[in-house]
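Just so you know, all these numbers are worked out from the coordinates, no wet-lab data involved. As the structure is a prediction and not an experimental result, all values here were calculated from the model. Cβ atoms come from the backbone with ideal geometry, glycine included; neighbour counts cover every protein chain shown.
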Amino acid sequence: MREMIDFLTASSSWSGSAGIPERLAAHVYVSMLSMVVAGVIALPAGLWLGHRNRGAALASAVANAGRAIPTLALLGLATVAVGIGFWPTLIAMVALAIPPMFTNTFTGIRGVDPSVRSAAVGMGFEDFELLRQVEIPLAMPLILTGVRIAALQVVATATLGALVGFVALGSFIEEGRLQPDKGKLLGGSLLVIVLALAADGLVGALAHRSSRWQRLGRSR
């Protein structure tokens with residue numbers, strides 16, 4: 001514990017390209033970009049297939065693939081394809097984030113009560129209006145749960161990027177393991193945990209607010 005405190009309070013840990021701010025920024029950047037890219041791929045696909053009530057087998061396959069394929073294997077394949085550093089880490093994190101986002105979005109939209117859909121159609125809602133004004137709001141808590149799971153996994157697992165040359169918070173853990181430097185290893189681990197909890201808390205707050213809006217909408 002003392003070694004970790006010394007590492008976190010040392011001025012050298014907070015300056016230069018190998019300091020905490022630079023590596024934290026790199027970790028946040030790759031995590032956020034991974035989530036954005038995965039969201040652009042997974043959310044529209046999940047929304048459309050769920051709305052059309054198609055693709056149940058695809059959703060199951062994506063969910064199973066997300067659980068079955070090891071992240072290290074994804075990193076290895078991406079490294080062979082694009083080299084070391086940022087890009088293989090990004091590709092692996094995108095692949096990791098897609099399954100929970102797609103599966104939860106598909107399940108949430110598909111699970112909307114058919115009677116609610118029928119009532120909306122009877123009120124004159126067009127196809128896109130039905131999706132935007134009825135299905136998405138009702139499915140939003142489950143959609144955000146998928147985003148929350150993906151965010152937590154990405155932030156935590158991006159530490160493995162250090163194994164393929166991506167310099168971020170995981171580099172502290174890898175350097176601490178190799179040198180060995182217990183303070184750096186524990187300090188890097190703590191930083192990753194705090195960042196993961198912050199990401200989880202942020203998306204969790206959005207999910208809670210979405211649920212509250214949903215309850216308010218039902219009470220009106």
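A few remarks follow.
- Shape call, the stretch 63-120: gyration tensor on alpha carbons, a/c limit 1.5: prolate
- Test item: Cα-centred dipole of the chain, Lys/Arg +1 and Asp/Glu -1 on Cβ, debye: 640 debye
- Options Ala95, Gly108, Gly161, ranked by Cα towards positive dipole end of the chain, top entry (Cβ charges): Gly108
- Ranked by how many other beta carbons lie within 10 Å on average, peptides 70-82, 101-113, 122-134 from highest: 101-113, 70-82, 122-134
- Cα gyration tensor shape of the chain, rounded if a/c is under 1.5, else prolate or oblate by comparing a/b with b/c: prolate
- Considering only alpha-carbon pairs that sit under 8 angstrom and 6 or more positions apart, the relative contact order computed for the chain is 27 percent.
- Computed from Cα positions, the angle between helix 20-52 and the longest principal axis of the chain comes to roughly 20 degrees.
- Axis angle, to the nearest 10 degrees, between helix 169-178 and the longest C-alpha principal axis of the chain: 40 degrees.
- The angle separating the long axis of helix 86-110 from the principal Cα axis of greatest extent in the chain is about 30 degrees.
- Computed FRET value (nearest 0.05) for Lys182 with Arg52, which takes r as the C-beta separation and R₀ as 45 Å: 0.25
- Extension gain, Val37 back to Asn64 (0.36 nm per residue minus Cα-Cα distance, nm): 7.7 nm
- Span from the the stretch 1-63 Cα centroid across to the the stretch 167-204 one, whole angstrom: 14 Å
- Anisotropy class of the stretch 139-200 from Cα gyration tensor, a/c 1.5 cut: prolate
- Extension reserve of the Leu72-Trp14 stretch, reckoned as 0.36 nm per residue once the Cα distance is removed: 17.9 nm
- Full-extension gain in nm, Glu22 to Glu129, via 0.36 nm per residue minus C-alpha separation: 34.1 nm
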